[in-house]
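J.: Attaching a single structure in structure tokens format; questions to follow.
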Amino acid sequence: MIMNEPESSEIPSYGVVIIGAGVSGLYQLYKSREIGVSALVLESGTDVGGTWYWNRYPGARFDSESYSYGYSFSQDLLDQWDWQERFSAQPENLRYLQHVSERFDLRSDIRFQSVVTQCTFDETSNEWQVEVEDGFKVRCRFLVTAIGILSKPLIPDFDGMEDFKGPSFHTARWPHDEVVFTGKRVGIIGTGATAVQLIQEVAKTAEHLTVFQRSPNWCAPLHNGPIDPAEMADIRSHYDEIFERCRKSFSGFIHDSDERRALDVSEEEREALYEELYAAPGFGIWIGNFRDVLVDEAANATLSDFIARKIRERVEDKQLAEKLIPRDHGFGTRRVPMETGYYEVYNQDNVLLVDVNETPIEKVTIDGIQCSDQEHPFDLIVYATGFDAVMGPYKSIKFTGSDGRTLAEKWETGPSTYLGLATAGFPNMFTLVGPHNASTFCNMPRCIEQNVEWVSTFLEQLFSSDITRVEVNIDAEEEWTEHVYESVQRMLFSKVDSWFMGVNKNIEGRDTRTFMLYVGGFPSYTERCDDVAKDGYRGFIMS
Ligand code: NAP
């Protein structure tokens, strides 16, 4: 074991402290052990799982093909784990991550119920001091954040929220006990990817469901289904090819764009591909489409028209159908919610859509929600109102870097990083799935494995040398940040308000577009990271 524990200190010390026990934190712990570095994970929840621990609302499931989502690093794990559904649901996803934790005995190095409040870099020892809400302190040579980009839930500040007499909660803080909708009047605020998954489920049993929509999203069919043992055996025999395909695709999925342009082919050919993708499982319709649909407005309009026609076919009430069709952005220029009968829900007698642009929410009352025209009585209110995405998790911990400046101060007007993995002024710190990192627009575990493996190889070299401090050169950071913005400029994402662009109507001052992700593609990102490593970790200053 390579240890960096000052013997006299009362505060425990580790080679690496990892914040978060989700998909990235668990793998970082596994790899840290593999390279012989002592590691401790601090996790705010009571169990492992991250996203799949917190988001336990009915309907929560992968939008990635299950077999492309699991870890690829262990053949034994691949041999043992059978996926039951093409797009596996939250309970099984959590079980999977629990299984991984048990299989590799990860829990023994995880401290649960540990909400990290601050992390301070100590210039004299070149160590981080990490503090937990309950008073626990730990020091480490390297700090690795595995806190995700969609982990800080956001509930808008409606008047009277505390007055409501029934239960109410955010989707990412769903109760651990079963929530029964039968015989209940339920209100759901929001129509993002989370709400779409939830609405489909609640509508099945609720006495009445009211959906409060501010902006419709373009949704596409998921086409989930079971995986039988024969199919699972076939998948297992092709894992190498599946992961290779993901590695080569733009965003780590099994889907990759069609080489043709929508505007170069005949209308029949265009429609044929749209029909084929609409009928096929998963994100193909979004990221496996003609290569110009996410970059060219005219091409995108052909796809948006196609999806709008589908919505009109599926929703019986013509006026309602029009309300469900987005007007302010084209298909795929915001995250596409995947659905199973979502539009048909609005044909049910027990479901009402309230357009809050027409009748705004005025306040929450004792009995329900008061809109400008009427009060809607509820037994249960669900806030499917999203997250303080990307920056939120980083701003909720006080990271103080080498010059006494906090990360929140540094990133006040937007993130700037090197490879989305480190940031100048914060030595010995790596940000898995950080802002401007390829994993932000990726089939997460595929990019997470790349992130963790790259960081771990670097750490292994650092621990086997005399280097005690590594930090980003500001020139390298500026160059990367420029490249991040260049990569999005050609894409239609940059012309639309969304969490991709850092816009959040619920947070004051967050109305300017500041790009949060990286859309230069997974293969070229990997190549760049590998290049940096081969070039002696170009862009990092080591001492
Ligand atoms: P979201 O996309 O930010 O959606 C939040 C919804 O709440 C939006 O419809 C928003 O409307 C609405 N809203 C917020 N404040 C409101 C207010 N004051 N009044 C009325 N409506 C309000 O959040 P999300 O649905 O939780 O999804 C976030 C991300 O999580 C997704 O984009 C996706 O990346 C990820 N996700 C992944 C999966 C999966 O992989 N299976 C599933 C779910 C989510 P506006 O649009 O008008 O702001």
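J.: What pairs in LYS165/LYS204; LYS137/LYS410; LYS152/LYS310 have C-alpha atoms more than 31 Å from each other?
T.: Values: LYS165/LYS204 24 Å; LYS137/LYS410 24 Å; LYS152/LYS310 34 Å.
Pairs exceeding the cut-off: LYS152/LYS310.
J.: Where in segment 315-371 are there trypsin sites (Lys or Arg not before Pro) that are in a DSSP coil and have at most 15 other Cβ atoms within 10 angstrom of their Cβ? Don't skip to the end; give the middle numbers.
T.: Details: sites: LYS318, LYS323, ARG327, ARG334, ARG335, LYS363; in loops: ARG327, ARG334, ARG335.
Sparse-neighbourhood loop trypsin sites (Lys or Arg not before Pro): ARG327.
J.: Oh, and also: Quick one: accessible surface of TYR53, probe radius 1.4 Å, all protein chains present, in square angstrom to the nearest 10.
T.: Taking all protein chains as shown, TYR53 has close to 10 Å².
J.: Turning to a different aspect of this structure: May I ask you to list the GluC sites (Glu not before Pro) in segment 391-488 that are in a DSSP loop and have at most 13 other Cβ atoms within 10 Å of their Cβ?
T.: Here the GluC sites (Glu not before Pro) that fit, given the DSSP loop and packing criteria, are GLU412.
J.: According to a simple spin-label model (label point 7 Å from Cα along Cα-to-Cβ), what is the distance in nm between ASP373 and ARG405?
T.: Placing both labels 7 Å along Cα→Cβ, they lie 5.1 nm apart.
J.: Per DSSP H run of at least 4 residues, take -39500 (n - 2.57); add these up for the chain, divide by its residues and hand me the 222 nm value, nearest 500 deg cm²/dmol. Kindly include the intermediate steps, with their values, before the conclusion.
T.: Details: 18 runs with 174 residues, N = 543.
Calculated at 222 nm, the ellipticity per residue is -9500 deg cm²/dmol.
J.: Still on this model: I want the antiparallel fraction of DSSP beta bridges within the chain, as a percent rounded to 5. Could the numbers behind the result be given before it?
T.: Numbers: 25 of 64 bridges.
Bridges in the chain are about 40 percent antiparallel.
J.: So, one more: Considering only the other residues whose Cβ falls under 9 Å of the Cβ of ASN428, what net charge follows from Lys and Arg at +1 and Asp and Glu at -1? Let's see the in-between values first.
T.: On the way: positive: ARG141, ARG469; negative: GLU127, GLU471.
So the environment of ASN428 carries a net charge of 0.
J.: Rank-order 70-82, 31-43 by packing density, defined as the average count of other C-beta atoms within 10 Å over each peptide's residues, highest first.
T.: Values: 70-82: 15.1, 31-43: 21.1.
Descending mean neighbour count gives 31-43, 70-82.
J.: If Lys and Arg each add +1 and Asp and Glu each add -1, what is the summed charge of the other residues whose beta carbon sits under 10 Å from the beta carbon of ALA172? Show your work: numbers first, answer last.
T.: On the way: positive: ARG56, LYS152, ARG173; negative: none.
Local net charge: +3.
J.: Right, here's the next one. Can you give me the Cα centroid spacing of segment 89-111 and segment 288-362 in angstrom?
T.: 37 Å
J.: Give, in nm to one decimal, the length gained when the segment between GLN348 and THR46 is fully stretched (0.36 nm per residue of separation minus the Cα-Cα distance).
T.: Working: separation 302, 0.36 × 302 = 108.72 nm, distance 3.84 nm.
Separation in residues times 0.36 nm, less the Cα-Cα distance, equals 104.9 nm.
J.: Once you order the gyration tensor axes a ≥ b ≥ c over the Cα atoms, which shape class does segment 174-262 get: rounded for a/c under 1.5, otherwise prolate or oblate by comparing a/b with b/c?
T.: Numbers: a/c = 3.17, a/b = 1.71, b/c = 1.86.
It comes out oblate by the Cα gyration axes.
J.: When the Cα centres of segment 185-213 and segment 401-441 are compared, how far apart do they sit, in Å?
T.: 36 Å
J.: Averaged per residue, what accessible area in Å² does segment 193-383 show with a 1.4 Å probe, protein chains only?
T.: Details: 8340 Å² over 191 residues.
Accessible area per residue: 44 Å².
J.: Explain nothing, just the number: dipole magnitude of the chain about its Cα centre with +1 on each Lys and Arg Cβ and -1 on each Asp and Glu Cβ, in debye rounded to the nearest 20. Intermediate values should be presented prior to the final figure.
T.: Details: 51 positive and 87 negative charges, 79 e Å.
So the dipole magnitude of the chain works out to roughly 380 debye.
J.: May I pose another question? Hey, quick one: spin label on GLU316, modelled 7 Å out along Cα-Cβ, who in segment 208-228 has an amide N within reach, i.e. under 12 Å?
T.: Those under the cut-off are none; the list is empty.
J.: Next up: At 10 °C and a viscosity of 1.306 mPa s, what translational diffusion coefficient does Stokes-Einstein give for the chain, taking Rh as the Kirkwood radius over Cα pairs? Give it in µm²/s as a whole number. Intermediate results must be reported in sequence, preceding the final value.
T.: On the way: Rh = 24.4 Å.
The calculation lands on 65 µm²/s.
J.: Need the full-extension length gain, ALA279 to LEU263, defined as separation in residues times 0.36 nm minus the C-alpha distance. One decimal, nm.
T.: Roughly 3.6 nm would be gained on extension.
J.: Let me ask something else. Please find the FRET efficiency linking SER524 to PHE73, where r is the Cβ-Cβ separation and R0 is fixed at 35 Å, and quote it to the nearest 0.05.
T.: It comes to 0.95.
J.: Can you list residues from other chains, or at least 5 along the same chain, whose modelled amide H is less than 5 Å from the amide H of SER13?
T.: ARG139
J.: Another question, if that's okay. May I ask you to derive the FRET efficiency for ILE467 and LYS505 from their Cβ-Cβ distance with R0 = 41 Å, giving the value to the nearest 0.05? Walk me through the intermediate numbers first.
T.: Working: r = 45 Å, r/R0 = 1.10.
Computed FRET efficiency for ILE467 and LYS505: 0.35.
J.: May I pose another question? Give, as a single signed number, the net charge of other residues whose beta carbon lies under 12 Å from the beta carbon of VAL265, with Lys and Arg counted +1 and Asp and Glu -1. Please list the in-between numbers first.
T.: Details: positive: ARG260, ARG261, ARG270, ARG291; negative: ASP258, GLU259, ASP264, GLU267, GLU268, GLU269, GLU271, ASP292.
Counting the neighbours of VAL265, the net charge comes to -4.
J.: Describe numerically, in nm with one decimal, the distance between label points set 7 Å from Cα along Cα→Cβ at ASP240 and at VAL180.
T.: 5.3 nm
J.: Taking amide H positions as placed 1.01 Å from N in the peptide plane, with prolines and chain starts having none, which residues 5 or more places from PHE540, or on another chain, fall under 5 Å of its amide H?
T.: Those qualifying (amide H under 5 Å, at least 5 residues apart or on another chain) are ASN473.
J.: Quick one: accessible area per residue over segment 399-533, 1.4 Å probe, rounded to a whole number of Å²?
T.: On the way: 4840 Å² over 135 residues.
With all protein chains present, segment 399-533 gives 36 Å² per residue.
J.: Once fully extended, how much extra length lies between ASP159 and ASP134, figured as 0.36 nm per residue of separation less the alpha-carbon to alpha-carbon distance? All intermediate terms of the calculation are to be shown ahead of the outcome.
T.: Details: separation 25, 0.36 × 25 = 9.00 nm, distance 3.15 nm.
Full extension of this stretch gives 5.9 nm more.
J.: Mind checking the log10 I(q)/I(0) for segment 193-383 at q = 0.08, 0.15 Å⁻¹? Debye, one equal scatterer per Cα, no solvent, two decimals.
T.: For segment 193-383 at q = 0.08, 0.15 Å⁻¹, log10 I(q)/I(0) is -0.34, -0.99.
J.: Given R₀ = 25 Å, FRET efficiency for THR512-LYS398 by Cβ-Cβ distance, to 0.05?
T.: Details: r = 24 Å, r/R0 = 0.96.
After rounding, the FRET efficiency stands at 0.55.
J.: In whole percent, and with a 1.4 Å probe on the protein chains, what portion of the accessible area of segment 193-383 is carbon and sulfur?
T.: Details: 3900 of 8340 Å².
On segment 193-383, the fraction of accessible area on carbon and sulfur atoms equals 47 percent.
J.: Out of all DSSP beta bridges with both ends in segment 1-130, state the antiparallel percent to the nearest 5. Show your work: numbers first, answer last.
T.: Details: 5 of 12 bridges.
Approximately 40 percent, going by the DSSP bridge assignments.
The values are calculated or read from the model by the stated rules, or taken from the named source; none is laboratory data. What you are looking at is a predicted structure, and each value in this text was computed from that prediction instead of being measured. Neighbour counts are summed over all protein chains in view; Cβ atoms, including those assigned to glycine, are modelled from backbone coordinates with ideal geometry. Ligands, DNA and RNA are excluded from the accessible area calculation, which covers all protein heavy atoms including side chains. Shrake-Rupley method; radii C 1.70, N 1.55, O 1.52, S 1.80 Å.
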